[in-house]
C-alpha cells in the first residue's frame with residue numbers, strides 16, 4: 001500500500017480506504033477464528049498421536065521379541081521359507097477429508113486372504129513364537145496405519161497454522177495500522193481543505209460587500 005504522503009487525499013479515496021479497512025478487520029477476525037480452531041484440532045491430534053505411538057512401540061517391541069525367539073529356535077532357511085510366500089494381499093486406499101480448510105488424508109486397507117489361515121505357512125515345522133510375532137504385527141497394523149494418518153495430519157495442520165498466523169500478523173501489525181494512518185491523513189487533509197475553502201469564501205464575501213456597499217468589516 002502507498003504511504004500516506006503519496007496517496008490522493010480525496011473523498012473517493014477515503015471511502016475506498018474505509019471499505020478496505022472494514023474488509024481487512026472482518027478478514028482478520030475470520031483468520032483468528034480459523035487459527036484458534038486449527039490450534040484446538042492440532043492439540044487434540046497431538047494427544048492422539050502420543051497415545052498411538054506408545055501403543056505401536058509396545059506392539060512392535062512385543063512382535064520383535066517374539067520374532068527374535070523364533071529366529072533363535074528355527075533355522076534361518078526354515079524361517080525364510082515360512083515367510084517367503086504370503087497368503088494375504090493388501091491394498092491401500094487414500095481419501096482426502098476437509099478439516100478446517102485443510103485436506104488431510106484418510107487411509108483404508110483392504111486385506112484379501114489367500115486361504116483359511118492368515119499365516120503363510122503350515123504349523124508343523126514352525127515355532128509358536130513366529131505365530132505370536134505375526135499375530136502381534138497384525139494387531140498393531142491398524143494402529144500403525146492410523147499413526148501415519150495422524151502424523152501427516154499434524155504436519156499439514158502445522159503448516160496451515162503457520163500460514164494463517166503470518167496472515168493474521170500481517171493484517172494486525174501492517175495492513176490495518178497503515179490503512180488507519182492513511183484514513184487519518186486523508187481526513188485531516190480534507191478538514192484542512194474545508195477550512196481553507198471557508199476562509200476564502202469569507203474573504204470573497206468581504207470583498208463583494210466592500211465593493212457593493214463600500215464597506216469594510218473591521
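The values are calculated or read from the model by the stated rules, or taken from the named source; none is laboratory data. In this text the structure is predicted, and so the values were computed from the model without any measurement. Because the Cβ atoms are built from the backbone with ideal geometry, glycine has one as well, and the counts that use them run over all protein chains shown.
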Inside the range 117-164, the number of residues satisfying the requirement of being at pLDDT below 90 and more than 13 Å from residue 49 (Cα to Cα) is 26
Original post:
Has the range 95-112 got at least one residue that is in contact with a helix residue (DSSP H, G or I) (Cβ under 6 Å, 6 or more places away or on another chain), surrounded by 10 or more Cβ atoms within 10 Å (Cβ to Cβ), assigned to a helix (DSSP H, G or I) and at pLDDT 65 or above?
Top reply: no
When the range 56-75 is checked residue by residue, the ones that are crowded, with 17+ Cβ neighbours inside 10 Å and either part of a helix (DSSP H, G or I) or in contact with a strand residue (DSSP E or B) (Cβ under 7 Å, 6 or more places away or on another chain) (or both) are 56, 59, 62, 63, 66, 67, 70
